[in-house]
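Asker: First the structure, then my questions, so here it is.
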Amino acid sequence: KAGVTQTPRYLIKTRGQQVTLSCSPISGHRSVSWYQQTPGQGLQFLFEYFSETQRNKGNFPGRFSGRQFSNSRSEMNVSTLELGDSALYLCASSPVRSQETQYFGPGTRLLVL
Amino acid sequence: QKEVEQDPGPLSVPEGAIVSLNCTYSNSAFQYFMWYRQYSRKGPELLMYTYSSGNKEDGRFTAQVDKSSKYISLFIRDSQPSDSATYLCAMSRRTGGGNKLTFGTGTQLKVEL
């Protein structure tokens, strides 16, 4: 089975711009979660989607948003980028029968200049 | 105080040594406990998953959970240079029908020849 895929892998943006990241889960997985990883804060939960509905949300400002499509693919959007948004953004998917186990993609490395 | 505490290391051991990695946590609601391995510039890879207290073994890896002490451990036997990576503990509890992982900051491990 193919793993979680994320596109693009690398991205450079400037302050004030917006960005959209994409995630394709493992086939058959319906839950998709997003995390931000930085050297200072580590891995922090952004939000989780299941069957196109947001089930959980972390403590991030409203500039961070996401959505999930009927094929379980997910996108996250960050508007009005700030320098502090530079991070590795990780997507993880979970099987329905074992939703506690999350399998991560390689991440999208975002640099905001 | 963070919900999950993990010594960041770095931890350097000789090849063949037994490695002990640990995390403590403060939230007694955590039910699921995971260990992830993350190589440089890659996404986290799920190594071990346990539910509630007890031990679980998989090859050279053993995970232990002591809920009464709020303490979890990962032991690596016969460590190899290929085990050199950052090891992240993660925990979760069911919220709103889904799961949100709370991570430790990660311990950087180097296994030397």
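Asker: If the only charges are +1 at each Lys and Arg Cβ and -1 at each Asp and Glu Cβ, what is the size of the charge dipole of region B:1-88 around the Cα centre, to the nearest 20 debye?
Answerer: 180
Asker: May I pose another question? Taking R0 as 25 Å, what FRET efficiency do you get between A:S86 and A:R9 from their Cβ-Cβ distance, rounded to the nearest 0.05?
Answerer: 0.95
Asker: So which GluC sites (Glu not before Pro) in region A:58-113 pass both tests, a DSSP loop state and at most 13 other Cβ atoms within 10 Å of the Cβ?
Answerer: Qualifying residues, ordered by number: A:E82.
Asker: Set the bar at 32 Å for Cα to Cα. Now go through A:K1/B:K56; B:K70/B:K110; A:K57/B:K110 and name every pair that lies beyond it.
Answerer: A:K57/B:K110
Asker: Where does the protein assembly as shown land on Rg(C-alpha)/(2.2 N^0.38 Å)?
Answerer: 1.01
Asker: Same structure again: Could you give me D for chain A, from Stokes-Einstein at 10 °C and 1.306 mPa s, where the hydrodynamic radius is the Kirkwood radius over C-alpha pairs? Units µm² s⁻¹, please.
Answerer: The calculation lands on 114 µm²/s.
Asker: Calculate how many DSSP beta bridges within the protein assembly as shown are antiparallel, expressed in % of all such bridges and rounded to the nearest 5.
Answerer: Taking every DSSP beta bridge within the protein assembly as shown, about 90 percent pair in antiparallel fashion.
Asker: Region B:39-67: which residues show an accessible-area loss of 20 Å² or more, assembly versus chain alone, 1.4 Å probe?
Answerer: Those are B:R41, B:G43, B:P44, B:L46, B:Y49, which lose 20 Å² or more relative to the chain on its own.
Asker: Alpha carbon centre of region A:1-27 versus region B:1-64: separation in Å?
Answerer: Between the Cα centres of region A:1-27 and region B:1-64 lies a distance of 27 Å.
Asker: Most mobile of B:S40, B:S53, B:S73 per a Gaussian network model of chain B (Cα springs, under 10 Å)?
Answerer: Sorting by GNM fluctuation, first place goes to B:S40.
Asker: Something else: What list of whole percents do you get for P(r) of region B:6-63, with Cα-Cα distances grouped in 5 Å bins up to the one holding the largest distance?
Answerer: Spelled out bin by bin, region B:6-63 gives 4, 12, 22, 27, 22, 10, 3, 0 percent.
Asker: Suppose a student asked you for the relative contact order of region B:15-77, using Cα pairs under 8 Å spaced at least 6 residues apart; what percent would you report?
Answerer: For region B:15-77, the relative contact order is 38 percent.
Asker: Specify whether the C-alpha gyration tensor of region A:31-77 places it in the rounded, prolate or oblate class, a ≥ b ≥ c being the square roots of the eigenvalues: rounded for a/c under 1.5, otherwise prolate if a/b is larger than b/c and oblate if not.
Answerer: prolate
Asker: Now a separate question. Could you check how much of the accessible area of the protein assembly as shown is carbon and sulfur, as a whole percent, using a 1.4 Å probe?
Answerer: About 47 percent, which is the carbon plus sulfur part of the accessible surface.
Asker: Looking at region A:90-113, which residues lose a minimum of 50 Å² of accessible area between their chain alone and all protein chains in place, measuring with a 1.4 Å probe and not counting ligands or nucleic acids?
Answerer: A:E100, A:Q102, A:F104
Asker: Also: Taking a cut-off of 16 Å between Cα atoms, list the aspartates and glutamates near B:K100, but don't count ones fewer than 8 places away on the same chain.
Answerer: Qualifying aspartates and glutamates at Cα under 16 Å: A:E48, A:E100, B:E3.
Asker: Still on this model: Which of B:K56, B:K70, B:K100 moves the most in a Gaussian network model of chain B with Cα springs under 10 Å?
Answerer: B:K100
Asker: May I pose another question? Determine the relative contact order of chain B: mean sequence separation of Cα pairs under 8 Å and six or more apart, normalised by residue count, in whole percent.
Answerer: In percent, rounded to a whole number, it is 37.
Asker: Per residue of A:60-67, how many C-beta atoms from partner chains lie within 10 Å of its own C-beta, taken as a mean?
Answerer: The per-residue average across the peptide is 0.
Asker: Same structure, new question: Mean separation of Cα pairs under 8 Å and 6+ residues apart, divided by the residue count of chain A: what relative contact order is that in percent?
Answerer: Relative contact order, chain A: 36 percent.
Asker: What accessible area per residue, rounded to a whole number of Å², is obtained for chain A using a probe radius of 1.4 Å?
Answerer: 46
Asker: Considering only protein heavy atoms, what per residue accessible area in square angstrom results for chain B with a 1.4 angstrom probe?
Answerer: 48
Asker: Taking every pair of distinct Cα atoms and averaging 1/r, then inverting, what Kirkwood hydrodynamic radius in Å comes out for chain B?
Answerer: 14.2
Asker: For peptide A:41-48, what's the mean number of Cβ atoms from other chains within 10 Å of each residue's Cβ?
Answerer: 5
The values are calculated or read from the model by the stated rules, or taken from the named source; none is laboratory data. Please read all numbers here as calculations on a predicted model, not as lab measurements. Cβ atoms come from the backbone with ideal geometry, glycine included; neighbour counts cover every protein chain shown. Remember, those area values only see protein heavy atoms, side chains included, never the ligands or the DNA or RNA. Shrake-Rupley method; radii C 1.70, N 1.55, O 1.52, S 1.80 Å.
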